[in-house]
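The values are calculated or read from the model by the stated rules, or taken from the named source; none is laboratory data. As the structure is a computational prediction, the values presented were derived from the model and not from experiment. Because the Cβ atoms are built from the backbone with ideal geometry, glycine has one as well, and the counts that use them run over all protein chains shown.
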């Protein structure tokens, strides 16, 4: 990912954990940058999430600060105060209002962000602005990630080429102490904030909100999109504008790539699983059913074991609570139809299915044959590795 | 469990799998026996579940037939026909109407119940009536269960002693091929069917529907209660009747014991976990939150690892979607308050919590401090054993 007009990045070491790596990332955004965001639905969000939700109302951003190693979640007033102090320090350094500063933290829950480190690191990160690349930022925002995750796409908007860069961290929906998903998208396109929000909400529904590792939801999950406008295109304000479709596609593409990278880095994951549901009553029902399949421990362990256990898929469809007609149901693994009209297909040969399941890319397909609803979600298998990472890590 | 007046049991070998054990259980019930039931909410239920749902409308039962080794789920018209043929064979042997015959099957999904075996075994099971004990039945209805599960209680109803016996099978909410939960309760009390249904629904809400092993729901889960009336008490028709409370308590006690036994036999379980939620908006919200905690893979792996990871409990409260105030939340492990008012307690000492978590009985407590709602659910930890049982069993 090349540098992006209107974006400068600096990283520094706050020392949120006993390490020497850079764990504080400051991003300076050109004046006039618009912002949109999608935040965790957790009813116990971190103060950073609360702050972003409030600041999003303003629609503009001049800075993003990301802390890795401490999520600051469930830390009461001490955590709120520490986060606010960091926001103020960033605003002072950048020369903007606090409402234009966005923050995100990931790491241990229950330990207030150490205010001395959080504030103290701002100067160093600010001094480093321009010296760090997007690649550096992917590393600095990471925690338990086993690889750095970035994606890029481009679009032509009214004759002007615009770029969309994205970075993400996360390897489970949440984990012990560190696996919140934080995703940040940057573009040099000029996009009005309300329209950017519409596009990001839509893109997120089919990307970050269409993945699951373990069904658990972080207190800190955050996706923010920033549009600097430095490319100089005619500002995009609605789907009817020239190039809006192309920009939307690029944004969606980046979000999808990033989301898939999170699943591929899922804790203990050995297989990448695509679940397609068609023929549901509507898209909403299809997504509920798809997530029921993708979150089922029994489906996920079967995939881990390379077991063509379509009965577990039927079970997961049934438990989803959405309308299903057992006697119309079709189940596929890879390209092979295993069951149709509610019964196993005549002469079902498990061999090609077993071959498909032995690979690292697995496709599960369900057709309910009831209506036009469809959804696609991505997940990973559930393995001994997941148990080891999440159950054994203190022993 | 001693024999129960009005109940005769016979077991026989249908050979639903390649084994020589008894796998077909016939229970003959005295004329006038009333029945109630709670059936899986799966939208893809087995034909046996459909049948029971229909037959429950009649309110009386003369026979129960249980098949182990084949669930007959997702088997289309062949499965429906086979189950109906078995119902008819039982009705003919007992000399009752088909609507008084209840059936349940557990085992492989997707393979129609072999009609020759299912019908052929009826004569042998009928001939054996009276020769099998409740203990024999617990074994004959079992599949992957690692131990047989029964419970009993008694009550005085209007001066008459009545007995409640229960048997159950199950070790996960469902498993590959066999771990549906089937629970059957028998009493010699005289209880009108509508009141028996009221009591069973209530008892189930706090027992069978308050346990979770892996959040997965079987296509075949079935709980049936039969009241023969042979004890000769004045018939119970409402909570206002003398002894109704005592009977309700005995029924509830048996259901709770049976449900807890299922959790203790949870696949790969090494710890028995009680989750108490208090202070929620209402009981319904409390139960949603309790199940969110009990079903969280991250909570369950932490328990397996003996890790006092209260942050994961907060995460699970947050993701439940019910009203919660982060800054009032209290979290306990065993008798120790870990966090209060949304922050870790001053001087928190992990040592007693670690000792508690190293045991086999773990208690997680959450108080939302919002309202009067409370709920208790039971679960087990998530271990390498679960992965091995469900992921490796074909390899």
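Numbers at a glance
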read-out: Residue match in the stretch A:111-127 (condition: within 13 Å of another protein chain (Cβ to nearest Cβ), modelled with pLDDT under 95 and either closer than 22 Å to residue A:143 by Cβ or crowded, with 23+ Cβ neighbours inside 10 Å (or both)); value: yes
read-out: Within the stretch A:275-304, considering residues that are assigned to a loop (DSSP other than H, G, I, E, B) and surrounded by fewer than 22 Cβ atoms within 10 Å (Cβ to Cβ), the one farthest from the other protein chains (Cβ to nearest Cβ); value: A:282
read-out: Test: residue in the stretch B:13-21 that is away from chain A (no Cβ under 14 Å), at pLDDT 95 or above and surrounded by 22 or more Cβ atoms within 10 Å (Cβ to Cβ); value: yes
read-out: Those residues of the stretch B:53-76 which are farther than 16 Å from residue B:112 by Cβ and in a loop (DSSP other than H, G, I, E, B), in sequence order; value: B:59, B:61, B:62
read-out: Residue in the stretch A:52-67 that is in the same structural domain as residue A:120 (by TED's automatic domain parsing), within 21 Å of residue B:311 (Cα to Cα) and surrounded by fewer than 24 Cβ atoms within 10 Å (Cβ to Cβ) present; value: no
read-out: Among the candidates A:71, A:105, residue that is in contact with a strand residue (DSSP E or B) (Cβ under 9 Å, 6 or more places away or on another chain), within 14 Å of chain B (Cβ to nearest Cβ) and modelled with pLDDT under 95; value: A:71
read-out: Failed item in (1) surrounded by fewer than 24 Cβ atoms within 10 Å (Cβ to Cβ); (2) more than 19 Å from the chain's Cα centre (by Cα); (3) assigned to a helix (DSSP H, G or I), with residue B:79 passing the rest; value: (1)
read-out: Residue A:239 vs. criteria within 22 Å of residue A:149 (Cβ to Cβ) and more than 11 Å from chain B (Cβ to nearest Cβ); value: no
read-out: In the stretch A:312-347, the residues that are touching a helix residue (DSSP H, G or I) at 6+ places or on another chain (Cβ under 9 Å) and part of a loop (DSSP other than H, G, I, E, B); value: A:320, A:321, A:322, A:323, A:324, A:329, A:334, A:335, A:341, A:342
read-out: Qualifying position, being under 19 Å from residue B:221 (Cα atoms) and outside the structural domain of residue A:211 (by TED's automatic domain parsing), among A:314, A:353; value: A:314
read-out: Meets criteria (facing chain B (nearest Cβ under 7 Å), crowded, with 19+ Cβ neighbours inside 10 Å and without any contact (Cβ under 8 Å) to a residue 12 or more places away in the chain) for residue A:342; value: no
read-out: Residues of the stretch A:308-333 satisfying the condition of being at the interface with chain B (Cβ under 8 Å from one of its Cβ atoms) and surrounded by fewer than 23 Cβ atoms within 10 Å (Cβ to Cβ); value: A:321, A:322, A:323, A:327
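This table checks each residue for (1) in a strand (DSSP E or B); (2) more than 14 Å from chain A (Cβ to nearest Cβ); (3) within 13 Å of the chain's Cα centre (by Cα).
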| site | (1), (2), (3) |
| --- | --- |
| B:135 | no, yes, no |
| B:144 | no, no, no |
| B:151 | yes, yes, yes |
| B:155 | yes, yes, no |
| B:163 | yes, yes, no |
| B:185 | yes, yes, yes |
| B:209 | no, no, yes |
| B:219 | no, no, no |
| B:232 | no, yes, no |
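Results for (1) more than 23 Å from residue A:171 (Cβ to Cβ); (2) touching a strand residue (DSSP E or B) at 6+ places or on another chain (Cβ under 9 Å), shown as yes or no for each residue.
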| position | (1), (2) |
| --- | --- |
| A:259 | no, yes |
| A:264 | no, yes |
| A:280 | yes, yes |
| A:301 | no, no |
| A:305 | no, no |
| A:310 | yes, yes |
